[in-house]
Structure formats: structure tokens, C-alpha cells
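Below is one structure, written out as C-alpha cells; the observations come after it.
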Amino acid sequence: DDSNCCDPVPEGPTGDPTCADNIDNDCDGLVDGADFDCGFVPTQLGGLKLWLDASNLANLRISGGMDDVNDWYDLSGNSNHASQSGRERPRLAVVNGKNRVRMDGSRWLAVSNESQFDFRAGVTAIVVFSVDRFDSEFQALIAKGDQTWRVHRFGNSNGIAFGYNNFFGPNDIGGGDPTGGGLHQVMARWDDGESDLWLDTVRVADRNHLDGALTTNDDPVRIGDNSDHAGRGWKGDVSEVLIYDRPLS
């Protein structure tokens, strides 16, 4: 329907409402899904439970002379904000003009409403991150304790891993190497017994299981730490976190 093209409206960056109506507002022959003028908005996909985006300072509550991050506001609409009220606050970092939340191994954030992250049949976790250094086993990028699901260092290697627990106990799949500097994107998926892990859009590991359900627990989701294990803090930056309660295709 190009009836609106008598008065074209420019389509712009991610978050522009004209980029979510599936209409060719700018009259270039392309609807939103195919128009490169329109950026991807995570809320366009169903099942979004958490969306943390450091690119806009309005999404962060900063305090202290050291740019401590007290709160990182959830944009999913579920109020699953990530917070830290103790001394272990991560800090705001700006690299090449872009904001990041910096972890140093002892600093982390806890996500509200832990029960919303008790996934059984499906989950997709996506994190944009960097590695400052790996110096202890299983350093946690994001983890709901150690008895259900987590994304962390692959043992003592330079790889990244998806760790999860089901009826048969704990498992890890991993690979790749995100230690070469700069930002990377990791995606971990569980699909009713099938697991896979992607690093920078390349699948680096996958596995199938007889039992399709993840175990659950009452542990908080922590960014940059695992609440069940001391000494596994992340050392590096986090720029964005997306969690869906289903496996994305």
C-alpha cells in the first residue's frame, strides 16, 4: 500500500516508530523489514525478557566521581533492571565514542525478578562484550548461578562457552576466541534439548540431548559474575544484553 507516498516520511535509526509499521513510509519501494534505513529493534521479536543497551546514557543511572553504574535500565518492558547497591559497582567506559559497562573481575550487576529467567524448554541469550583478560576458569559473562544456564569462559581456554544443566547434570559447549580485542557478539540457544553457541555470527558448538528441560533455581541473574562461585568475575566490557524466553530461529 503506497497510498501514503504522496507525503513521504523519512525512515531513520533504530527506535524510529516509522520503522515498526511495515509500511514504505519513505517511498523507496521497500517496507521496513527490507529497508536498510530501518535498524533492528529487539522488541519486534516476541518473548523478549531483558534488553540492556548502554549506547544511550539515559539507560544508565550513574553516581560517584568514578562513574559508578548503579542501575542499567531494562528496555524490554518487563522492569528487569540490572542494579548494584554495594561497593561492587561496574563503571561507565567510553571507547571510540561508544558507552560500555566495564567489569574488572570484582564488579557486577544483578538483574531483578530472577523467576522470569527460569527457562525450561527454550532460551536465547545474546551479549555484546569484550575481553580484557582471562585469568581464572569459567569467568562468568552472564549467569543464573551454576545450576541452570550461563555464558562464560570455556574452562581455562581462550574460548567462550554456553553452560547449562538438565536431568543429566551440567554441560558445557564452547569454542571460538574472543580475546583478540574489540567487541564481539555471543549467542547461546537452548531448544528443547538442542543447544548451540554462536560467536560473531559463526556457530562454534552444538549438541543434542535426550532430556529437553533445563533445571531451574532461585539464584539471581548476574552480569559479570556467578553467584555460586567466587573468583569467576568477568574482566572486560558489556555493551548490550538480550534474553528471550524462546529459541530464536
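The values are calculated or read from the model by the stated rules, or taken from the named source; none is laboratory data. All figures in this text were calculated on a predicted structure; none of them were measured in a lab. Counting neighbours? That spans all protein chains shown, and the Cβs are built from the backbone with ideal geometry, glycine included. Surface areas here come from the heavy atoms of the whole protein model, side chains and all, with no ligands, DNA or RNA. Shrake-Rupley method; radii C 1.70, N 1.55, O 1.52, S 1.80 Å.
For the chain, the extents of the C-alpha atoms along the principal axes are 62, 52, 34 Å, listed from largest to smallest. With a 1.4 Å probe and all protein chains kept in place, how much accessible area does residue 31 have, in Å² rounded to the nearest 10? Counting only protein heavy atoms, residue 31 exposes about 60 Å² to solvent.
Per residue, the accessible area of region 58-134 comes to 47 Å², computed with a 1.4 Å probe over protein heavy atoms only.
Order 40-48, 140-148 from most to least packed using the mean count of other Cβ atoms within 10 Å. Intermediate values should be presented prior to the final figure.
Working: 40-48: 13.9, 140-148: 24.7.
The peptides rank, most packed first, as 140-148, 40-48.
Starting from the residue with the highest accessible area, list 195, 83 in decreasing order, probe 1.4 Å. Could you put the intermediate results ahead of the total?
Numbers: 195 5, 83 40 Å².
If we order 195, 83 from most to least accessible, we get 83, 195.
All alpha carbon pair distances within region 101-215 were sorted into 5 Å bins beginning at 0; the resulting P(r) in whole percents reads 2, 12, 23, 25, 20, 12, 5, 1. Surface analysis of region 137-249 yields an accessible area of 40 Å² per residue, using protein heavy atoms and a 1.4 Å probe. Once the Kirkwood radius over Cα pairs is known for region 159-230, the Stokes-Einstein relation at 37 °C and 0.692 mPa s delivers a diffusion coefficient of 244 µm²/s. Summarising the amide proton neighbourhood of residue 145: residues at separation of 5 or more, or on other chains, whose placed amide H is nearer than 5 Å comprise 222, 227, 228.
Ranking 209, 152 by solvent-accessible area of protein heavy atoms (1.4 Å probe, all protein chains present), from largest to smallest, gives 209, 152.
Using only Cα atoms, figure out Rg for region 44-161 and give it as a multiple of 2.2 N^0.38 Å. Walk me through the numbers before you get to the answer.
Working: Rg = 14.7 Å, N = 118, 2.2 N^0.38 = 13.5 Å.
This ratio for region 44-161 stands at 1.09.
Between amide H atoms placed 1.01 Å from N, distances below 5 Å from residue 205 occur with 197, all of them 5 or more places distant or on a separate chain.
With +1 on each Lys and Arg Cβ and -1 on each Asp and Glu Cβ, and nothing else charged, work out how big the dipole of the chain is about its Cα centre, in Debye to the nearest 20.
My answer is approximately 1420 debye.
Comparing 248, 41, 187 along the charge dipole axis of the chain, the residue lying farthest to the positive side is 187, per the Cβ-charge model. Just the protein heavy atoms count here, and of the accessible area of the chain at 1.4 Å, carbon and sulfur take up 48 percent.
Mean projection of the alpha-carbon convex hull of region 51-93 over all orientations, in nm²? The partial results should precede the final answer.
Values: hull surface 12.0 nm².
Approximately 3.0 nm², given one-decimal rounding.
A simple charge model with +1 on the Cβ of Lys and Arg, -1 on the Cβ of Asp and Glu and nothing else charged puts the dipole of region 31-152 at about 260 debye relative to its Cα centre.
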